[in-house]
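The values are calculated or read from the model by the stated rules, or taken from the named source; none is laboratory data. Just so you know, these numbers come straight off a predicted model, no measurement behind them. Cβ placement follows ideal geometry from the backbone for every residue including glycine, while neighbour counts extend to all protein chains displayed.
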């Protein structure tokens, strides 16, 4: 335990996701030894992000305006929506350069243990986007874990009666992975999603 401002900094850093006590301490001491200009720049960026960044009114992605760059882009296919849990998932899909449609960010996944139900997510907004009939396919790209599967199943049951094609991202074994380390769900998915070899 340290005194005053140092301990306060460690405590605040430790509240960040993925930062444990040791990492918080390392970061705090890095900040202490950094130049004042570097610390001022970091503090300024943090203030600017809080003041300027908001969520897109259409899809829920991070944006510096009312609409994100993807929703503003007329070259994107508006008939396909990829549903993801968080804005960071949009970046992951974009890095593949395989998808040219639009997105919908739910803001999480259904998790009864954490008290998160469908009403806590951006499901109503998604249904409103689907109501005009312009969207023909919905790709469910939620995480391949219990919460993501529950969310995808809930959305599929809700949306299929609307006549929209609902698909789920294929999942399976990662390239370079060892079969013995794959969990049962991943291995099962790899088997059910298998294709013929040309």
Residue that is surrounded by the fewest Cβ atoms within 10 Å (Cβ to Cβ), among those in the stretch 1-34 that are more than 21 Å from the chain's Cα centre (by Cα) and not in a helix (DSSP H, G or I) = 1
request  = Would you mind stating whether residue 37 is outside the structural domain of residue 83 (by TED's automatic domain parsing), surrounded by 11 or more Cβ atoms within 10 Å (Cβ to Cβ) and more than 30 Å from residue 101 (Cβ to Cβ)?
outcome  = no
inquiry  = Condition first: part of a helix (DSSP H, G or I), modelled with pLDDT under 90 and surrounded by 16 or more Cβ atoms within 10 Å (Cβ to Cβ). Can you find one or more residues in the stretch 149-167 that meet it?
reply    = yes
inquiry  = For the condition outside the structural domain of residue 118 (by TED's automatic domain parsing), under 27 Å from residue 123 (Cα atoms) and in contact with a helix residue (DSSP H, G or I) (Cβ under 6 Å, 6 or more places away or on another chain), what is the one hit in 10, 58?
reply    = 58
query = Taking the stretch 175-192, which residues are assigned to a loop (DSSP other than H, G, I, E, B) and either at pLDDT 90 or above or within 26 Å of residue 111 (Cα to Cα) (or both)?
reply = 182, 183
query = Among the residues of the stretch 77-84, is any touching a strand residue (DSSP E or B) at 6+ places or on another chain (Cβ under 8 Å), in a loop (DSSP other than H, G, I, E, B), under 27 Å from residue 171 (Cβ atoms) and modelled with pLDDT of 95 or more?
reply = no
message = Please go through the stretch 113-148 and give me each residue that is assigned to a loop (DSSP other than H, G, I, E, B) and closer than 13 Å to residue 166 by Cβ, ordered by number.
response = 135, 136, 141, 142
